[in-house]
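Engineer: Here you go, one structure.
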Amino acid sequence: MGRRNKSHRGAKKDTLRDAAYYESLYTDDLTPALRPITDATERGVRSIWGKWTEYVIMAKVYQVLNSLSITLARYCSLRILDPDALTRLQNISVAEIQRFMHWYLDSHAMTKLSSLYVLMRYWLMMYARKLYQRLDLVLVSDMKDFIGTVLKGEYSLSEGMKDNPVTNVDDVYLLLYHHYALSNEYYAHERERVQHSLIILFMIGTSARPSTLVERGGYYNTNECLKYMDIEIFKVRNPELPSQQVFIMRVRLRLLKGKRDKGLPIKVVFCVRDDNLAFCTILQVLSLAFADNAFESDWIKRPKDLYTFSVPFHLQSVQLHWKESMQDIPIFRRSVARGGEVAISPDRSVQYMTPCYQNARLGKSAGIADTLGLYSYHRGAGESIDCKCTISLLCTFPRRQFSCVAGSDMRSFVMGHARASLFERYYRNSVVQFDSVSAFLEVPSKDALIKLAGHMSLTRDPSAADSIKVENSAIDRDRSIQQIQKLCLQLRKNPTETFGKIKNGAGTELYEKYQSEQRHLRNERMRLKRELEEEARRQYFRTAGTRYIDEQRRGIAREYIEPKPVFQFEERERLAALLFQNRDVREVSEEELYTQRIAAMDNLINLCGRHMTRPAPRRHLSLRDKSLEEVSEEKDVDPDLFPLVCPGTQCLFCLGNQGLGPQSRTFAFS
């Protein structure tokens, strides 16, 4: 072989550097390079450094004593005399670490052993980043042994795990139907209602965590979320029916945990679903894109325009490109107040807690016994992928023994897990999804019953009240609330006697202590109220079976009647009829499918432009059957019929705002 051509080598620099240059690059006091960590981990390290500093210098002692009820003698016995946190960290010892863990457990409501292990893992990372060296392995081993023996027993730290609910297709269908057809939950802007359902569809379709789609945790105010540039929509020929042209969508997941903007992100493909439009993710993405006017082509302005062009004979697809100005715009955006009205932010992502609270309210409104978290869809998608991959491989290679391993590898790839054990430990459904008795008896398995027993629909009760009214007297009877109230009265006397009025002492230490205790009292009352509401709801579902049996045996049982929804916007009523049609597409004409797709997109687009001026009154009900409630009939008000003569109390701004509902548009001052 000939010598390699020098032209292929990298070009050398013209200037040559001497030895003195390289000697000057590094000095003896060089700071070691640290392995880069994510923003969320860096936030945890900073948090544990703050706790360590608080432990050393005893910062904000009065807040700790008041809020955590720790005696001063107990806290001072653990306090270090040296006020320098970094110096104390340099002279660390086993006893010092043990005292810190004792103080932390006394000061914080920690009940799980795994949480303490995670805390000390962050502490070790903080130690390494502050001193640029790792803690001695002997100290690490002693620390772990101390946690697993002494602290575990003294503080009754639990090693158990919470039973997390898992959703399946039946649960999601019920939730989506309730979301569009029955729910009266308030959304500041109706686009948030559409975004909420689309988040659910993305999570069950991609098995992605919520932080892959919206801002969360250590990434708040970074606008790191799913954006238009992550979505590609194509019009393609259907390989199974070449004469038919359909839409497909590829979604790039570049924000998976541990892989945020690293390596090659995975892409998940979505196909058009005509059997049930409620599960058609492409339909809702296209609707949001039309609402945002995001298409680059000037010929695509309405849903009908999607069917005015075809794929050329020499191509397999035609891509729908986004405008350059829309590439960096989030799909899911937050609502903001502008000029006294609620609008959707043009460029800011919705934050995690907004869809989290909306989803929890949806679960209560739909009668779900367990708290409905967004991760329920994540676990359900992982379960379906795991089952589907294993079954497919078993059918393809019936005599091979590696099908389960290959299925777990595919599941980990789709879910973005570094190893298969993560799913087995944290995401696996605790209810075995296999009819082992039928397998032993060698009879057909009862799959439908097994599936029902392992998912949230089993304990759903649509007649359960979605809101519990807690009287103030129940909160005032709590002893901890009474103690805080007494302390507030004592702290109130000092500024009153000194300044005459409390507000006259603003800026003084007495005033700040009183205000701090007042805030503590309000927080404790809210916490206790939530606990009482959750306990009342748990008690309702815990005794539901006994109550229904008693009512039937006594002959007083009443038939449940599904409440009639009262829609403020006619688009929701049309969507409830269009989206939820379980049908065989082979028995429906192409013209009818086309008409319903266009109608669904038109109504979703119009709904994205609606908003309510004020929250609908929430139902504070006692725990009784919802079928006993009387549904008020909505007055027949035509929002487009403007009266020629208006009374003096008529709000003309509301009357002329077509984005409001009929009741809001006819608002009049009292």
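Computed from the coordinates by the stated procedures, all read-outs in this text should not be read as laboratory data. Keep in mind the model is a prediction, meaning the values are calculated, not measured. Neighbour counts run over all protein chains shown; Cβ positions are idealised from the backbone, glycine included.
Engineer: Each label point is 7 Å from the Cα along the Cα-to-Cβ direction; what then is the distance between the points at Asp142 and Asp476, in nm?
Structural biologist: 5.5 nm
Engineer: If you take the beta carbon distance between Glu42 and Leu532 as r and set R0 to 60 Å, what does 1/(1 + (r/R0)^6) give as a FRET efficiency, to the nearest 0.05?
Structural biologist: For R0 = 60 Å, the calculated efficiency reads 0.95.
Engineer: Using 0.36 nm per residue of separation minus the Cα-Cα distance, give me the extension gain between Arg492 and Val566 in nm, one decimal.
Structural biologist: 21.8 nm
Engineer: Pop out the Kirkwood hydrodynamic radius of the stretch 472-553 from its pairwise C-alpha distances, inverse of mean 1/r, in Å to one decimal.
Structural biologist: 15.4 Å
Engineer: I would also like to ask the following. Taking R0 as 25 Å, what's the FRET efficiency between Leu315 and Val268 from their Cβ-Cβ distance, rounded to 0.05?
Structural biologist: Efficiency for this residue pair is about 0.60.
Engineer: Once R0 is set to 51 Å, what does the formula 1/(1 + (r/R0)^6) return for the Cβ-Cβ distance between Ile450 and Phe499, expressed as a FRET efficiency to the nearest 0.05?
Structural biologist: Efficiency computed from Cβ-Cβ geometry: 0.15.
Engineer: Along the Cα→Cβ direction, 7 angstrom out, place labels at Gln133 and Phe434. What is the inter-label distance in nm?
Structural biologist: 5.2 nm
Engineer: Packing-wise, with mean Cβ within 10 Å as the measure, how do 552-565, 219-232 rank, highest first?
Structural biologist: 219-232, 552-565
Engineer: As a test of understanding, state the convex hull volume per residue of the stretch 199-304 from its alpha carbons, in Å³.
Structural biologist: 136 Å³
Engineer: Now, a different point. Rank by packing, highest mean first: peptides 496-507, 37-48, with packing defined as the count of other Cβ atoms within 10 Å averaged across residues.
Structural biologist: Ranked from most to least packed, the peptides come out as 37-48, 496-507.
Engineer: Where in the stretch 237-280 are there trypsin sites (Lys or Arg not before Pro) that are in a DSSP coil and have at most 12 other Cβ atoms within 10 angstrom of their Cβ?
Structural biologist: Answer in residue order: Lys262.
Engineer: If packing is taken as the mean number of other Cβ atoms within 10 Å per residue, what is the order of 96-107, 473-484, 531-542, highest first?
Structural biologist: 96-107, 531-542, 473-484
Engineer: Now a separate question. Pairs to check: Lys227/Lys267; Lys51/Lys130; Lys257/Lys451; Lys112/Lys162. Give those whose C-alpha atoms are more than 18 Å from each other in this structure.
Structural biologist: As for pairs spanning more than 18 Å Cα to Cα, those are Lys257/Lys451.
Engineer: Check which residues have an amide H placed less than 5 Å from His321's amide H, if you skip close sequence neighbours.
Structural biologist: Glu296, Ser297
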